[in-house]
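Below: one structure, written as structure tokens.
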Amino acid sequence: MIDFAAWFSPNVLRSLGWALVHFLWQGLALAALSSAVMSICRSASIRYALALTTLLLMLAAPVLTFTMFWYGARFSDHGGHPIVDATKIPAGESQIVQSGHPMAGAALQHTYALRGDVLPWLVEAWFAGIVFFGLRAAGGLMVVERLRRKESTPVSAALREKCLALQRQLGIEKVIRYCQSHRFDAPAVIGWFRPVVLLPITALTGLSDQQLETVIAHELAHIRRNDCFVNFFQMVAESLLFYHPAVWWVSKRIRVERENCCDDAAILATGGATEYARALALMEEWRAAPALAMAANRHPLLARVARLLGVSDLQGGMRNAGVAAGLLCLAAALAGNSLLALTQGPSTASLTTPAVSQNSVKRPAAQPSSADGAPPRATHTMPRPGIEMARVAAPENTSDSVPRTAPTNDSNDNAQENQNKKVPESGKQESFIDGMKAAGLENLTVDQLIMLKIQGVTPEYVRGIHELGLKADVNELIGLKIQGVTPEYIRDMRALSLDGGGREFMAMRIQGVTPEYVRGIRDLGLKADVNELIGLKIQGVTPGYIRDMRALGLDGGGREFMAMRIQGVTPEYVRGMRDLGLKADVHELIGMKIQGVTPEYVRDVRAAGLKPSTQQLVAMKIHGVSPEYIKALQKSGVPDFKDDPGNYITARIHGITSEFIEKARQHGFQNLDLEKLIALKRTEAF
């Protein structure tokens with residue numbers, strides 16, 4: 001897993017971890033209140049607003065909790081920290097002695113409040129979940145966009161006029177496309193800024209005019225309400241707060257009430273509640289639509305039909321139960337908060353005592369002597385990354401020391417050996433702090449000092465970075481050092497006209513953008529900036545790749561070369577297309593490669609007697625027009641299937657096959673052409 005301790009301050013990790021833990025009861029409380037209030041509301045729009053507000057509050061709750069914990073930790077680190085009574089430290093822990101730095105007490109208090117590395121691991125697990133659900137949502141968006149590109153067959157002129165009339169009636173001024181679909185079984189909306197209403201063939205032939213008008217009005221209501229944006233917001237909330245079932249429940253209620261609101265708008269526009277209920281019942285049997293598409297037949301059928309027909313008995317008996325369940329969940333959430341407070345460790349008040357100074361720490365009257373007669377020295381344990389307490393050696397010039405437990409007989413040899421080890425002199429620690437102050441880093445916390453020391457950030461390194469005008473803070477300095485960003489690397493990049501902040505140099509170093517790589521790109525006349533250079537390096541665009549593409553007549557900027565490399569457009573692929581006489585440009589080659597148009601596919605299509613353009617080749621591949629399909633249609637004897645690639649694409653979109661043509665002829669249809677075949681396919685007469 002990712003070592004978050006090396007990237008983020010322990011205060012940030014701790015605060016984020018507690019915010020995630022506290023959201024367990026906060027999310028339950030918000031969902032309980034929302035459930036209780038929604039149970040007594042009869043308006044779908046009010047319930048929708050309540051559910052959406054609840055989801056917003058769920059997103060805000062962890063942010064506020066994180067802010068409270070983080071500011072509390074910063075207050076504790078900057079003068080308002082509680083000091084821990086050193087005499088109450090358990091004997092098994094290493095001795096904490098004041099070294100003159102005011103942060104040791106605060107670090108100790110935080111350590112005893114929460115032991116171990118539980119919270120950093122919790123944050124890592126949460127981040128892994130975000131990545132998983134984020135990729136899941138991105139995959140859904142890609143599926144929807146792919147369907148949007150495919151389903152581009154316009155509806156008939158008469159149906160389009162009916163759709164435009166409904167659009168004007170609902171007061172929608174957006175430009176909306178109305179297309180036919182053979183993949184969906186119910187009308188659906190796809191797209192945000194350029195929405196597309198997909199009307200399936202089954203709905204066009206299986207619903208009456210009034211039913212079809214009502215379901216189209218339902219989809220237009222989604223567009224008027226901008227439900228696609230709300231749906232995207234829900235995906236973000238579900239990805240960030242995936243671990244809480246209450247978030248999924250609230251998101252589901254939003255989708256249910258959204259459909260109810262659109263049902264109300266459709267009935268208000270058309271007035272056909274009964275016919276719409278019948279249409280829903282029919283489409284429930286056809287249901288097939290991706291989750292990111294707004295389809296009319298989504299969500300439980302029985303409740304929607306009962307609501308449309310005014311049958312309230314199905315839900316009236318559940319209102320009191322919903323209120324009672326909401327109040328019970330609220331009580332459980334508050335009880336969980338109390339239990340969490342008990343498990344969070346001692347409170348600040350219980351750990352605070354008057355500050356311990358060096359003069360007030362008492363040394364025991366007698367101490368066991370080592371084998372050579374020298375007094376024993378204090379031992380200390382090196383801190384691990386992520387531990388929030390600085391363990392430093394006790395100074396020898398104090399008059400007293402913290403009482404400690406004498407070693408037992410069983411461990412006397414090990415204890416004696418540890419006591420004989422040399423302890424670093426306090427002057428070395430002070431010199432590191434003074435060096436950091438001289439380099440411009442003042443008011444450092446104990447956590448920051450530990451991380452700087454662990455990662456090897458020296459005062460000389462800090463001065464070298466600051467002398468270059470890079471005003472990096474502690475976190476950026478640690479990140480720069482981890483990634484190996486040296487002052488020399490920064491100077492070399494600036495000599496190549498590349499500049500930026502610490503994050504830019506870290507990003508270039510992480511991706512392996514070296515001065516040699518930049519010179520190779522610049523020698524080819526490609527004036528790429530920092531972001532383009534990082535992208536080129538990530539995608540494996542080398543100077544040799546650029547030279548090979550230019551030799552084939554392909555040129556462009558950094559984005560064009562990245563796009564070709566991402567999609568696998570190799571010099572060999574381009575040569576194969578050039579040998580076939582296809583003078584495709586960069587964008588056409590990328591499109592063909594994405595859709596899987598290979599030189600072999602082009603040769604097979606041409607062997608069937610067709611000479612499609614690059615755009616037609618892409619369309620044929622998208623719709624599955626294979627060489628076998630072309631030959632089968634040519635054998636059917638229909639005149640339209642000769643040498644026009646567009647006819648094969650249209651036939652494939654409408655599902656016309658050689659078997660369908662043979663059935664049409666068996667039923668007595670003669671002199672068939674493409675238009676007649678499409679009409680027969682729509683009627684589904686056989």
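For the pair Arg547 and Gln210 in one chain, pulling the backbone fully straight at 0.36 nm per residue adds 115.1 nm over the alpha carbon distance. When only alpha carbons are used to place a centre, region 167-199 and region 555-627 end up 31 Å from one another.
Return the subset of Lys527/Lys621; Lys583/Lys676; Lys437/Lys481; Lys593/Lys631; Lys162/Lys252; Lys162/Lys635 for which the Cα-Cα distance in this structure is over 29 Å, preserving the input order. Flagged as over cut-off: Lys527/Lys621; Lys583/Lys676; Lys162/Lys252; Lys162/Lys635. Structural descriptor for region 598-676: relative contact order 31 percent, calculated from alpha carbon pairs under 8 angstrom and at least 6 residues apart. At the listed q of 0.18 Å⁻¹, the Debye profile of region 598-686, built from one uniform point per Cα, gives log10 I(q)/I(0) equal to -0.74.
Extension gain, Gln595-Lys453: 0.36 nm per intervening residue step, less the Cα-Cα distance, totals 45.8 nm. Based on Cα contacts under 8 Å between residues 6+ apart, region 452-514 shows a relative contact order of 33 percent. How high is the FRET efficiency between Val175 and Ile538 when r is their beta carbon distance and R₀ equals 35 Å, given to the nearest 0.05? In this case the efficiency is close to 0.45. The trypsin sites (Lys or Arg not before Pro) of region 639-686 meeting both criteria, a DSSP state outside H, G, I, E and B (loop) and at most 12 other C-beta atoms within 10 angstrom of the site's C-beta, are Lys642. For a Förster distance of 30 Å, can you work out the FRET efficiency between the beta-carbons of Gln567 and Lys676, rounded to the nearest 0.05? After rounding to 0.05, the efficiency reads 0.15. Here region 15-52 is scanned for amide nitrogen atoms under 19 Å from the site 7 Å beyond the Cα of Leu268 along Cα-to-Cβ, giving 41-52. In loop segments of region 436-539 as defined by DSSP, the trypsin sites (Lys or Arg not before Pro) with at most 12 further C-beta atoms inside 10 Å of their C-beta are Lys471, Lys527.
Each value in this text was obtained by applying a stated rule to the coordinates, not by laboratory testing. These figures come from a predicted structure and were not determined experimentally. So basically every Cβ, Gly included, is an ideal-geometry build from the backbone, and we count neighbours across all protein chains shown.
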